[in-house]
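Notes follow once the structure below has been shown.
Just so you know, all these numbers are worked out from the coordinates, no wet-lab data involved. These numbers were taken from a predicted model, which means no experiment stands behind them. Here the Cβ positions follow ideal geometry from the backbone for every residue, glycine too, while neighbour counts run over all protein chains shown.
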Amino acid sequence: MDIKIIHLKANSQGLDTWISMIGEQVVGHIYMQVQIDNKIKFLDAWVHPDFRRMGIYKKLWETRWDYVNLNYKESGYLVYAWCKESSLPLLLEKNFEKGEVVTYVQKKI
């Protein structure tokens, strides 16, 4: 399967986006935001349900990680993220340090 990844930059919000495509169909995306004080926040990632478990998330993640290392590593940036439990092993593999556990709560009113 030929998965193409495209990098887009939204200068107005400091966002970088990578989208994965198979043919003309967008099947996933991943974001990051460059913030003040030399911080980079890894944001939302999504893969279309019909294309999960095919390595698309990991390919998007690795593409973003390569970009950060190429463009920001020498500047001493702090990279951080909030992640689901299923994404944690990849971040730990990349030597991220685990922080506090946060629990999502909701209430319909």
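Condition check ((1) closer than 23 Å to LEU91 by Cα; (2) over 14 Å from the mean Cα position of the chain (by Cα); (3) of a type in the set (Gly, Ala, Ser); (4) part of a loop (DSSP other than H, G, I, E, B)) across all residues:
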{"position": "MET1", "(1), (2), (3), (4)": "no, yes, no, yes"}
{"position": "SER20", "(1), (2), (3), (4)": "yes, no, yes, no"}
{"position": "VAL26", "(1), (2), (3), (4)": "no, yes, no, no"}
{"position": "PHE42", "(1), (2), (3), (4)": "yes, no, no, no"}
{"position": "ALA45", "(1), (2), (3), (4)": "yes, no, yes, no"}
{"position": "MET54", "(1), (2), (3), (4)": "yes, yes, no, yes"}
{"position": "LYS59", "(1), (2), (3), (4)": "yes, no, no, no"}
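Close contacts from region 39-51, counting a first residue that is surrounded by 12 or more Cβ atoms within 10 Å (Cβ to Cβ) and a second that is assigned to a helix (DSSP H, G or I), with Cβ to Cβ under 8 Å and a gap of 6+ residues or different chains, come to ILE40/VAL68; PHE42/ARG64; ALA45/TYR57; ALA45/LEU60; ALA45/TRP61; VAL47/ILE56; VAL47/TYR57; VAL47/LEU60.
Evaluation of TYR77 against the conditions (1) under 19 Å from GLY28 (Cα atoms); (2) in contact with a helix residue (DSSP H, G or I) (Cβ under 9 Å, 6 or more places away or on another chain) shows that the sole unmet condition is (1). Does any residue of region 74-86 turn out to be within 16 Å of ILE5 (Cβ to Cβ), surrounded by fewer than 16 Cβ atoms within 10 Å (Cβ to Cβ) and not hydroxyl-bearing (Ser, Thr, Tyr)? No, there is no match, as no residue in region 74-86 is within 16 Å of ILE5 (Cβ to Cβ), surrounded by fewer than 16 Cβ atoms within 10 Å (Cβ to Cβ) and not hydroxyl-bearing (Ser, Thr, Tyr).
Yes or no, residue by residue, for (1) touching a residue at least 60 places away in the same chain (Cβ under 8 Å); (2) loosely packed, with under 12 Cβ neighbours inside 10 Å; (3) in contact with a Ser or Thr (Cβ under 6 Å, 6 or more places away or on another chain):
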| residue | (1), (2), (3) |
| --- | --- |
| HIS7 | yes, yes, no |
| MET21 | no, no, no |
| GLY28 | no, no, yes |
| ILE36 | no, yes, no |
